[in-house]
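Let me begin by presenting the structure, written as structure tokens, before commenting on it.
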Amino acid sequence: MKRRPIYGLMAEFETPEQVLAAAHRTRAAGYRRIDAFTPFPVEGLAEAVGFEWTAVPIIVFGGGLLGGLTGFGMCFYANVISYPWVVGGKPPNSWPMWIPITFELTILGAAIAAVVGMLALNGLPTPYHPIFNIERFRLASTDRFFLCIKARDKKFALEETKTFLQDLRPHGVYEIED
Amino acid sequence: MASVGSHQPEPLIGPGHTFETVTDKISSIVLTRGTTPGWVFGFFIAFCLLMLLNLVITLLMIKGVGIWGIKIPTAWGFAIVNFVWWIGIGHAGTLISAILLLLHQTWRTSINRFAEAMTIFAVMCAGMFPLLHMGRPWLFYYLMPYPNPMWLWPQFRSPLVWDVFAVSTYFTVSVLFWFVGLIPDLATLRDRAKNKASQIIYGILALGWRGSAVHWSRYEMASLLLAGLATPLVLSVHTVVSFDFTIGIIPGWHSTIFPPYFVAGAIYSGFAMVLTLAIPIRRVYHLEDLVTERHLDIMAKVMLATGLIVTYGYISETFMAFYGGNEYERYMMMNRLAGPYAHLYWLLISCNLLIPQSLWSRRLRHSIPWLFFISLVVNMGMWLERFVIVVVSLHRDFLPSSWAMYYPTRWDWATYLGTFGLFFFFFYLFLRFLPMISIVEVRALVHETSEEQVHT
């Protein structure tokens, strides 16, 4: 009989310090496709699982730039090209009056880019994910800290990796069915 | 911790809390406490007031803005007063969630969620007024740049159009910021919910959040950037609102002090509203060990500080009216101090200047009934301030032949009361169905606090 495919192995820890130390050791042991799951952000943990940089700031900058150009471009097009109209003796290109709208749309564009960009990079919304197959994983949003080594890792070998994780003295080690 | 000084500050969280207990405490309000009779009673009153708002709007659609007390020269009565008042209240929520995040003020943790909710609902109430005041609210889309066969554009040089952009951006960004903050907490509710329906609903709203370290890293970066964006935004919103006044040449409005003075006033009234809401909430939901007396004390200090900035604004206005040598400005100030609405001016001075000075006393800052009283006084004072700015300047402008008194009608009051219905309708729903305190941030605070105890 064929075994059900395995997504990876999950170790459960009780404190953020334990999971952080475990992540460092796992990486030092040569595992690359790992991830940790915590109920609140733990400083240094993302770096410990091999995360180097995020594109969020670049996306936000792009969104802000696009918003600002749209705001200014709209005012310029409306008052200089499409329908020049003298109000209060101001010249058609009375750009200081357009700063508020340019500013607001810059913020709007950047903020939408920040949220959409963050969600998209994180692959959210995710309707299904194998790690939710572990019953105890629901504690990852309360007070437990999890470390996962994915089966896709080149070094992954079920029994060997399980022994390795157990050596890290976790509260428990679970197989994740895909 | 951020605080400086030799004395040990009171803790921001009650003793003996762990990740489990804080999670349980906050999420159980939503998941297991259920619908209590007190909640139903409050919600019912809010609902009745909301229906009153419905009634007024219907009447307004049928009969027009003539049901209100506005008439030339005072075309901007209650609608604009209430608009500025509500939007000002919103500012404290953004200040707490964005500016204090950038400044690493850990005390914001347990109040930021409901302060942000307050912001969103207050901006909704504020937005009602300019729409209704337009007279033909169904043509509101004229304010938007949309392709139309007349080839017309909104007047982009007008502060009223800037207001449209500022307020709608403010609302959108506030909602986004609030929702991003909610995602991990919704995941907590999803994981702790016992019945199928809440598991599914919170599950959908949580977007499949699982707390991955990599996700947290991007999440924190996005939150930080949103805070950095919301900070200038919140300052710009009330600045643009003040432009509605200062760009005009009406006596008492045409002044450069307005933007900073409006922003300070907004934060002042906003913190007053946070206190008005926080004091009963912490009592009813037994959150005294999360929203501690130290929180109330700090908010009182912020109120005192912003109140003094507002005071500076009043002094500067009065001084400039006489020093500036413009006879209309001088007359407006005399009219404010001793004219037909002078009693409101002096009431405003008592509410915003005199009574809050009691907050210098540490004993009074720790007296919860007194703080609650002050918060109501400041809310009223800030409303009166907007009334004085709008009505006193308008009702006697340049030509004495056009002078007239402004009296609100019962429909003015009904509209104002109705927006309280709108506000509390949503606020009650929020208290019942969403975690009113950020569980994630409180967990992080528990972690920090326990680390400190290890190190000291």
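The values are calculated or read from the model by the stated rules, or taken from the named source; none is laboratory data. Predicted model, so just to flag it, every value in this text is computed and none were measured. Cβ atoms come from the backbone with ideal geometry, glycine included; neighbour counts cover every protein chain shown. These area figures cover heavy atoms from the full protein model, side chains too; ligands, DNA and RNA do not enter into them. Shrake-Rupley method; radii C 1.70, N 1.55, O 1.52, S 1.80 Å.
Rounded to the nearest 0.05, what FRET efficiency do B:F319 and B:W403 give with R0 = 25 Å and r taken as the Cβ-Cβ distance? Could you check?
About 0.50, to the nearest 0.05.
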- Task: Enumerate the amide H contacts of A:G8 below 5 Å, restricted to partners 5 or more residues apart or on another chain; note that Pro and chain-start residues carry no placed amide H.
- Result: A:A151, A:I176
- Partners for B:K63 among lysines (Cα-Cα distance below 27 Å; same-chain residues under 8 apart left out): B:K71
- Given B:256-264, A:104-112, the highest-first ranking by average Cβ count within 10 Å works out to A:104-112, B:256-264
- Query: What number comes out for the charge environment of B:R210, summing +1 per Lys or Arg and -1 per Asp or Glu over other residues with Cβ under 11 Å away?
  - Reply: 0
- Hey, got the average number of other protein chain Cβ atoms within 10 angstrom for residues in B:153-164? 5
- Unit charges on C-beta of K, R, D, E only; dipole of chain B, Debye: 820 debye
- Message: Can you compute 3J(HN,Hα) from phi for each residue in the stretch B:318-328, using the Karplus curve 6.51 cos²θ - 1.76 cosθ + 1.60 with θ = phi - 60°, rounded to whole Hz and x for Gly and Pro?
- Response: 5, 4, 5, 4, 8, 6, x, x, 8, 5, 5
- Summed over the other residues with a beta carbon less than 14 angstrom from that of B:F171, with K and R at +1 and D and E at -1, the charge totals -3
- Cβ-Cβ cut-off under 13 Å around A:R152, Lys and Arg +1, Asp and Glu -1: the net charge is +2
- Applying the Karplus parametrisation 6.51 cos²θ - 1.76 cosθ + 1.60 with θ = phi - 60° to the phi angles of the stretch A:143-149, what ³J(HN,Hα) value in whole Hz is obtained for each residue in order, glycine and proline being reported as x? 9, 10, 10, 10, 10, 10, 10
- Task: Using only the Cα atoms of the stretch A:42-85, construct the convex hull and provide its projected area averaged over every direction, in square nanometres to one decimal.
- Result: 4.2 nm²
- Translational D (Stokes-Einstein, µm²/s) of chain A at 25 °C and 0.890 mPa s when Rh comes from the Kirkwood sum over C-alpha pairs? 124 µm²/s
- Given H placed on each backbone N at 1.01 Å, which residues far from A:G172 in sequence or on other chains put an amide H within less than 5 Å of it? A:E12
- Cα atoms only, chain B: Rg and Dmax in Å? 23.2, 76
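Quickly estimate the mean residue ellipticity at 222 nm for chain B, helices only: each DSSP H run with n ≥ 4 gives -39500 (n - 2.57), and the total goes over all residues, rounded to 500. Please report the intermediate quantities before stating the final value.
Values: 15 runs with 300 residues, N = 456.
For chain B, the value works out to -22500 deg cm²/dmol.
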- For peptide B:173-179, the mean count of other chain Cβ atoms within 10 Å per residue Cβ is 3
- Query: trypsin sites (Lys or Arg not before Pro) within the stretch B:171-215: which are DSSP loop residues with at most 15 other Cβ atoms inside 10 Å?
  - Reply: B:K194
- Query: Per the Debye formula with a single identical scatterer at each Cα and no solvent contribution, what log10 I(q)/I(0) holds for the stretch A:56-121 at q = 0.13, 0.23 Å⁻¹?
  - Reply: -0.42, -0.84
- Query: How high is the relative contact order of chain B, in percent, counting Cα pairs under 8 Å that sit 6 or more residues apart?
  - Reply: 33 percent
- Item | Under Karplus coefficients 6.51, -1.76 and 1.60, residue-wise ³J(HN,Hα) of the stretch A:165-173 in Hz, glycine/proline x | 5, 5, 5, 7, 6, x, 6, x, 10
- Taking H as built 1.01 Å from N, whose amide H comes closer than 5 Å to the amide H of B:W68, not counting residues under 5 places away? none
- Item | lysines whose Cα lies under 16 Å from that of B:K25, excluding same-chain neighbours fewer than 8 positions away | B:K194
- Please give the average number of partner chain Cβ atoms lying within 10 Å of the Cβ of each residue in A:61-73, rounded to a whole number. 1
- Message: Cross-link candidates for B:K301: which aspartates and glutamates have Cα within less than 13 Å, leaving aside residues fewer than 8 places away along the same chain?
- Response: B:E293
- Task: At 1.4 Å probe size, with no ligands or nucleic acids counted, give the accessible surface of B:W383 in Å², nearest ten.
- Result: 30 Å²
- Message: I want to verify the translational diffusion coefficient of the protein assembly as shown in µm²/s; compute it with Stokes-Einstein, Rh as the Kirkwood radius over Cα pairs, at 20 °C and 1.002 mPa s.
- Response: 80 µm²/s
